[in-house]
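For reference, the structure discussed in these notes is given below.
The values are calculated or read from the model by the stated rules, or taken from the named source; none is laboratory data. None of these values were measured; they are calculated from a predicted model. Neighbour counts are summed over all protein chains in view; Cβ atoms, including those assigned to glycine, are modelled from backbone coordinates with ideal geometry. Surface accessibility is based on the protein's heavy atoms, side chains included, excluding ligands, DNA and RNA. Shrake-Rupley method; radii C 1.70, N 1.55, O 1.52, S 1.80 Å.
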Amino acid sequence: LPGCLSIDPETGLLSGTPLNDDVRAYDIKVTATDTEGASADDIFSLTINPIANDAPEIVGIGIPDQTATDAVPFSLNLNGFFTDPDLGDSIASINVINGGSLPAWLNLGDGVLSGSPGISDLGIVNLTATATDTTGLTVSDDFDLTVLFFNDSPELVQSIDDQGVDEDSPFELN
């Protein structure tokens, strides 16, 4: 018996209110037993049909704010942050915008946001990810992507030759 339905043992009434998660076909076996212990049973099919298409949904708390570092490749798979509750429906596309378009260093392909920010990209980028199902319904989630400075190691410009100094003599190296 589907979890959305119950049977009253006194009246035999089968009742309930199926939800979107219950949409599918069920084979239900009903058994009637008399006071002498004799019984008869029958199996019938109950199909719970969807009545409306539901929009995609954000999974859990949504997309957390992200951090990238200049000169370091960044990647975020957005596919796991969205789902469609309708049986047979799916997420057809994911789009990400920053008030109109993505920064030049950031790309979106197959639901994966990726790129390598440069030093000129430091700061916070406010992004909106929108998932669209196969019928065109959408859901959006906002998140921030903060690009941080990467402290590069100093580079040796000129090597220092080995030096020597006599005892009790001043030493300077410039």
Name the single residue that is least open to solvent (accessible area, probe 1.4 Å) among those in segment 81-116 being touching a residue at least 60 places away in the same chain (Cβ under 8 Å) and part of a loop (DSSP other than H, G, I, E, B). 86
If you check residue 43 against the conditions, is it over 30 Å from residue 151 (Cβ atoms) and either among the basic types (Lys, Arg) or free of Cβ contacts under 8 Å to residues at least 40 places away in the same chain (or both)? yes
Would you tally the residues in segment 65-80 being hydroxyl-bearing (Ser, Thr, Tyr), open to solvent by less than 60 Å² (accessible area, probe 1.4 Å) and within 16 Å of the chain's Cα centre (by Cα)? 0
Can you pull out the residues in segment 140-174 that are surrounded by fewer than 10 Cβ atoms within 10 Å (Cβ to Cβ) and aliphatic (A, V, I, L, M)? 156, 157, 160, 173
I need the full set of residues from segment 32-43 which are exposed (fewer than 10 other Cβ atoms within 10 Å of the Cβ) and touching a strand residue (DSSP E or B) at 6+ places or on another chain (Cβ under 8 Å), in order please. 39, 40, 41, 42, 43
I need a count of the residues in segment 46-64 that are of a type in the set (Val, Ile, Thr), loosely packed, with under 10 Cβ neighbours inside 10 Å and touching a residue at least 12 places away in the same chain (Cβ under 8 Å). 1
Looking only at residues that are aliphatic (A, V, I, L, M) and farther than 24 Å from residue 50 by Cβ in segment 8-31, which one is least open to solvent (accessible area, probe 1.4 Å)? 30
Residue tally, condition part of a strand (DSSP E or B) and open to solvent by less than 60 Å² (accessible area, probe 1.4 Å), over segment 126-139: 8
